[in-house]
Structures are given as structure tokens and as C-alpha cells.
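Let me begin by presenting the structure, written as C-alpha cells, before commenting on it.
Throughout, read-outs are computed from the coordinates displayed, never taken from laboratory work. Just so it is clear, the model here is predicted, and its values are computed rather than measured. Because the Cβ atoms are built from the backbone with ideal geometry, glycine has one as well, and the counts that use them run over all protein chains shown.
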Amino acid sequence: MAPNDPLPETVTPGGKDEDAALAVRAAKGDPTAFGTLYDRHVSAVYRYVYYRVRDDAEAEDLTSDVFMKALRAIPRYEPRQAFLAWLYRIARNAVIDHVRRGGRQVSFEDALLHPEVHNAIDPDLEVLAGSDKDTLRTALGKLTPLQQEVIVLRFLEGYSTDEIAKLIGKREGTVRGIQFRALGALRQLIPSREALG
């Protein structure tokens with residue numbers, strides 16, 4: 001698996017009701033339901049972890065760990081929250097634990113160098129789509145790790161500010177502020193096409 005592999009069509013930020021129903025079945029011991037959730041979300045979780053550790057083997061190990069933890073914790077899953085946001089929270093904590101044990105964590109700088117960045121889901125990301133890779137990497141490197149994470153989750157992964165807020169444990173308004181400041185900084189750091197003229 002590679003972080004830039006296209007996702008299967010079933011992996012979307014939506015599907016909350018179907019995921020919740022599958023999670024309830026999985027909590028009652030239905031292995032097929034958990035298998036479906038795994039198939040649906042493993043690529044997204046792997047990509048998130050990979051962007052933090054930048055090593056295929058470590059990312060695969062951590063992704064497996066995330067799903068093992070999710071399987072053990074699924075009886076405590078609350079269906080009112082998005083299942084993938086719940087998985088991301090487990091993944092985020094797994095990366096933090098990995099770093100505490102001496103593992104390597106890197107920034108999200110390269111995440112927006114994804115080949116599909118020109119198909120970004122939000123017009124605010126236009127500032128990034130028209131940039132060359134070196135300029136973009138340099139600009140992203142100047143953002144805080146939290147700003148990088150919010151930009152990746154919002155524009156590359158396609159999550160709403162509400163979903164990101166739940167994932168990173170911040171208020172929705174705070175996430176909007178982080179996103180606003182990050183995009184403002186990127187606009188200052190990346191020259192416009194007209195300026196390059």
C-alpha cells in the first residue's frame with residue numbers, strides 16, 4: 001500500500017449512518033461488520049499514519065495496531081460520532097505513543113504534494129494547486145504541525161471542520177481559525193501566478 005494509491009470508492013468522509021450500524025454489529029461480535037469497516041477505512045488510516053512516520057513498514061505496523069485497538073474498543077464506540085473520526089483519534093494517539101517510544105514523527109509537509117492536489121475540494125486551496133513542489137514544500141514547512149494537520153485533513157482528506165474538531169479535540173471555531181491562519185500564511189509564502197508572470 002502506498003499513500004498516494006487511489007482510494008476505493010467506498011471510502012468517503014460520509015457514510016456515518018452505515019458505519020455506525022456496522023460498528024454496532026461489530027460490537028455485538030459480528031466479524032463481517034468489522035471487516036467491512038476495515039476494508040472501507042484502512043487506506044485512509046494508513047495514509048494518515050504514513051504522513052506522520054514516512055516509513056512503509058512503520059505505517060503498516062501502526063495501521064494494524066490502530067485496527068486492533070479499534071476492535072478491542074468497539075464496544076465503547078458511540079454511534080453519534082463519525083466512525084472514521086473515531087479511528088483517526090485512535091491513529092493520532094498511536095502515532096503519539098510511537099513517538100514516545102522513540103519512533104520518528106515527521107511533519108505533514110509532503111502530504112499536499114499528492115498527485116491529485118490540483119483536484120482539491122475547496123477553492124481556498126487554489127493557492128496550493130498552482131505552486132511548484134519545492135515552493136509548496138518550503139511553505140508548508142513553515143506552518144505549525146497543527147496547521148499542517150488541519151490543512152491535510154480538510155483539503156486532502158476532505159473532512160469538515162466539525163469532523164476535524166472532533167478528531168483533534170478542538171472546538172470547531174478553533175479549527176476554522178487554524179485553517180484561516182494557515183491559508184493566510186501560505187498565501188504570503190507562495191507567490192501568485194500573476195506575480196510570477
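Pairs from the table (Lys69/Lys170; Lys16/Lys170; Lys16/Lys142) lying more than 25 angstrom apart at Cα are Lys16/Lys142.
The label point for Thr32 and the one for Arg181, both projected 7 Å from the Cα toward the Cβ, are 5.0 nm apart.
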